[in-house]
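Undergrad: Dropping a structure here in structure tokens format, bear with me for questions.
The values are calculated or read from the model by the stated rules, or taken from the named source; none is laboratory data. Bear in mind that the values here come from a model prediction, so they are computed numbers and not experimental data. Using ideal geometry, Cβ is built from the backbone for each residue, glycine included, and neighbour counts are taken over all protein chains shown.
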Amino acid sequence: MQRRHLILSAAASAAAFALAGCQKQEAEAAAPPKAPPTPAQAYALAAKGNGFTIGAVMAANTVYVFFDTTCPHCAELWNASKPLLNRLKMVWMPVGLLRPQSAPQGATILAAPDPAAAMAENEAKVLDRSGGITASGSLSDEVLGKVKANTEIFNQLGADSVPLIVFRHATTGAYGQRAGALDTAGLAALVGV
């Protein structure tokens, strides 16, 4: 009985870990490790990214979220953030990390007349396992370059999984970053709203 409990506990732990975020699975060439930026430097670096803003535009702090259009954990975070948008300003920045369609889909969202509506459509399709939005066939090099630049910033942050939340706590002023999805209460506590 005890062995069965251990196996079930291990399975539950593995399942919880798997839900935290999406990681690129391909092996990459080993590069010498660089010192990661300080939390304040990471926040300043994230602010240079390209994304679209949702939420309270006049909020004192901005929360930056690096996401991949094929990541179900990013879709969960998107949904979890909705109840907080009356007091939280978020900038969602697509990266090309997990699949070949990630960058074109991210560029399609950025180029949309209403990026938030395009994002909502994408995330709904990701959660119902239908692959996300259809990438536009007429994407400019400029908009594709924005997703590439976001991916480079993501890498400079030393990140390896999405969603990546880069924030300044609204109450304490402390900077931080966290990889993985959160529920609404967890996100509110993380960013101090």
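Undergrad: Residue check, Gln25 against (1) within 16 Å of Leu164 (Cβ to Cβ); (2) modelled with pLDDT under 95; (3) within 17 Å of the chain's Cα centre (by Cα), all met but one. Which one?
TA: It fails just one condition, (1).
Undergrad: Let me ask you something else. Identify, please: which residue in the range 55-86 is of a type in the set (Val, Ile, Thr) and farther than 20 Å from Ala189 by Cβ and is, among those, surrounded by the fewest Cβ atoms within 10 Å (Cβ to Cβ)?
TA: My answer is Val57.
Undergrad: Do we find that Ala107 is closer than 17 Å to Gly51 by Cβ, out of contact with any Leu (no Cβ under 9 Å at 6 or more places or on another chain), of a type in the set (A, V, I, L, M, F, W, C) and modelled with pLDDT of 95 or more in this structure?
TA: no
Undergrad: Moving to a separate point now. Inside the range 30-79, can you point out the residues that are closer than 14 Å to Gln156 by Cα and of a type in the set (Phe, Trp, Tyr)?
TA: Passing the criteria: Tyr43, Phe66.
Undergrad: Considering only the range 110-120, state which residues are without any contact (Cβ under 8 Å) to a residue 40 or more places away in the chain, surrounded by 16 or more Cβ atoms within 10 Å (Cβ to Cβ) and either out of contact with any Leu (no Cβ under 7 Å at 6 or more places or on another chain) or among the acidic types (Asp, Glu) (or both).
TA: Result: Ala112, Ala118.
Undergrad: Scan the range 177-193 and report the pairs whose first residue is surrounded by fewer than 17 Cβ atoms within 10 Å (Cβ to Cβ) and whose second residue is part of a helix (DSSP H, G or I) and polar (S, T, N, Q), with Cβ atoms within less than 8 Å and a gap of 6+ or a chain change.
TA: As it stands, the answer is Thr184/Ser81, since those pairs meet every condition given.
Undergrad: Still on this structure, I have one more. One residue is enough: does the range 110-119 have a residue meeting the conditions assigned to a loop (DSSP other than H, G, I, E, B) and of a type in the set (Asp, Glu)?
TA: yes
Undergrad: Also, quick follow-up: Kindly indicate which of Gly96, Gly132, Gly106 is buried (at least 19 other Cβ atoms within 10 Å of the Cβ), in contact (Cβ under 8 Å) with a residue 24 or more places away in the chain and at positive phi.
TA: Gly132
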